[in-house]
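Report on the following structure.
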Amino acid sequence: MPSLGAYLQPVAPTGDFPPVVGAARPLGRWGNRTAGRLALHVVDRIHAGAVQDLRTELGLPALSARAERRRAERAGWPVLHGFSTVLVPRPADWRTGLDVVGNWWPHVPPDDPLPTVVEDFLQAGPPPVLVGFGSMAAGDGERLGELAVQALRSAGVRGILQSGSAGLATDAGGDDVLTVGDLPHATLLPRTAAVVHHGGAGTTAATLRAGVPAVPVPVMADQPFWAGRVAGLGAATAPVPYAELTAGRLAEAIRAAVTGPGYREQAERAAARMAAEDGAARVVERIGEAAAGAPHSWLVPAS
């Protein structure tokens, strides 16, 4: 049966950059590719049990995760990567079939209003700085919320805390900070002065799409990679690792993002380029090609 992969991170080894997880700095083209291959071996070991359980459930003969991956590579199995070439241009040394198509955005009606309390807050003063950590820092929300408020006030800006799974909250009082729940990025982010976030793939892309400077505070996994990419564009301050986060460092980064030269300009330039991408449409096209009679490269033998 024809199939294709859908990835949110660049996984295949390349000389352009080291693996998105585990490598703290560039290693040179040979080192980057070698580290990328080693990372795939680690992933194969992690997935080994799940792959074998699934093959057994489907009545297929035993095959290691590594052999399964290599067979897909030899067959030219197509993989669509749902991120922007603005952040990660397609590496020239990738094999045929690995394509970067652009982000896959949720549909938000253009006339869908923000809650009244949020709209009132936005109109009551200059654009605020949004602070949100998604599902990161769970259980540390109160401390992180107080730290964020201290940093916002030290930087002299208004702020919105997006509670998220981390549960950001504050008892600091005052009319310069608002705490909110989930809100659509496409509606809220363009009306902010900057966004402090954890460097996740989705939030990084959404902030850049909005043309807003970022203050990345990466926590784990692929977050340092995305934080480094957006900072490399000049659309974000240098990343502040979560383990090293203090109110003083955060205030300094917020102040730089809001007042520093170039951050918003570079973010707006990147947003204009991203607007020309339609990742979802390209996925639909590729699925249509497969359904209409995919070429042999779409097919990976079952055994």
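Could you please state, rounded to a whole Å, how far the C-alpha centre of segment 246-287 is from the C-alpha centre of segment 93-133?
Cα centres, segment 246-287 to segment 93-133: 10 Å.
Pairing the Cα long axis of helix 28-57 with the longest principal axis of the chain, what angle in degrees results, from 0 to 90 and rounded to the nearest 10?
Helix 28-57 and the main axis of the chain meet at about 70 degrees.
Just from its helices, what would the mean residue ellipticity at 222 nm be for the chain, if runs of 4 or more DSSP H residues each count -39500 (n - 2.57) and the sum is divided by every residue, rounded to the nearest 500 deg cm²/dmol? Can you show the working numbers first?
Working: 10 runs with 126 residues, N = 303.
Value at 222 nm, helices only: -13000 deg cm²/dmol.
Say the dipole of the chain comes from +1 at the beta carbon of Lys and Arg and -1 at that of Asp and Glu; which of Met1, Ala210, Ala35 then lies farthest toward its positive end?
Farthest towards the positive pole: Ala35.
Of Val149, Val51, Val219, which has the largest mean-square fluctuation in a 10 Å C-alpha GNM of the chain?
Val51
Pairing the Cα long axis of helix 141-155 with the longest principal axis of the chain, what angle in degrees results, from 0 to 90 and rounded to the nearest 10?
Long axis of 141-155 versus the principal axis of the chain: about 60 degrees.
Would you work out the charge dipole size for segment 102-220 about its Cα centre, treating the Cβ of every Lys and Arg as +1 and the Cβ of every Asp and Glu as -1, and quote it to the nearest 20 debye? Don't skip to the answer; put the middle values down first.
On the way: 5 positive and 11 negative charges, 85 e Å.
So the magnitude is around 400 debye.
Over all distinct Cα pairs, what is the inverse of the mean 1/r for segment 38-110, reported as the Kirkwood hydrodynamic radius in Å? All intermediate terms of the calculation are to be shown ahead of the outcome.
Values: mean 1/r = 0.0677 Å⁻¹.
Taking the inverse mean of 1/r over all distinct Cα pairs, segment 38-110 comes out at 14.8 Å.
Would you mind computing, in nm to one decimal, how far apart the modelled labels at Leu54 and Thr179 are, each placed 7 Å from Cα along Cα→Cβ?
4.0
Can you give the direction-averaged projected area of the convex hull of the alpha-carbon atoms in segment 84-128, in nm²?
Seen from a random direction, the Cα hull of segment 84-128 projects 5.5 nm² on average.
Run the dipole for the chain about the Cα centre, Lys and Arg Cβ at +1, Asp and Glu Cβ at -1, nothing else charged, and hand back the magnitude in debye, nearest 20. List each step's numbers first, then the result.
Numbers: 26 positive and 28 negative charges, 286 e Å.
With Lys and Arg at +1 and Asp and Glu at -1, about 1380 debye.
Please compute the volume of the convex hull spanned by the alpha-carbon atoms of segment 217-287 and report it per residue in Å³. All intermediate terms of the calculation are to be shown ahead of the outcome.
On the way: hull volume 7.2 nm³, N = 71.
Enclosed volume per residue, from the Cα hull, is 101 Å³.
How many percent of all Cα-Cα pairs in segment 156-241 sit more than 14 Å apart? Mind showing how you got there, number by number?
On the way: 2328 of 3655 pairs.
Result: 64 percent of Cα pairs exceed 14 Å.
Comparing Ala253, Ala276, Ala151, which has the greatest mean-square fluctuation in the GNM of the chain with Cα pairs linked when under 10 Å apart?
In the Gaussian network model the winner is Ala276.
I'd like the orientation of helix 263-274 relative to the chain: the angle between its Cα long axis and the longest Cα principal axis, in ° from 0 to 90, rounded to 10.
So the helix axis and the longest Cα principal axis differ by about 40 degrees.
Kirkwood Rh, the chain, all Cα pairs: how many Å?
Working: mean 1/r = 0.0476 Å⁻¹.
21.0 Å is the Kirkwood radius here.
If you wrap segment 116-274's Cα atoms in a convex hull and average its projection over all directions, what's the area in nm²?
Working: hull surface 32.4 nm².
Directional mean of the projected Cα hull area for segment 116-274 stands at 8.1 nm².
Only the coordinates and a few stated rules stand behind these numbers; no lab work does. As the structure is a computational prediction, the values presented were derived from the model and not from experiment. Note: ideal-geometry Cβ built from the backbone for every residue, glycine included; neighbour counts use all protein chains shown.
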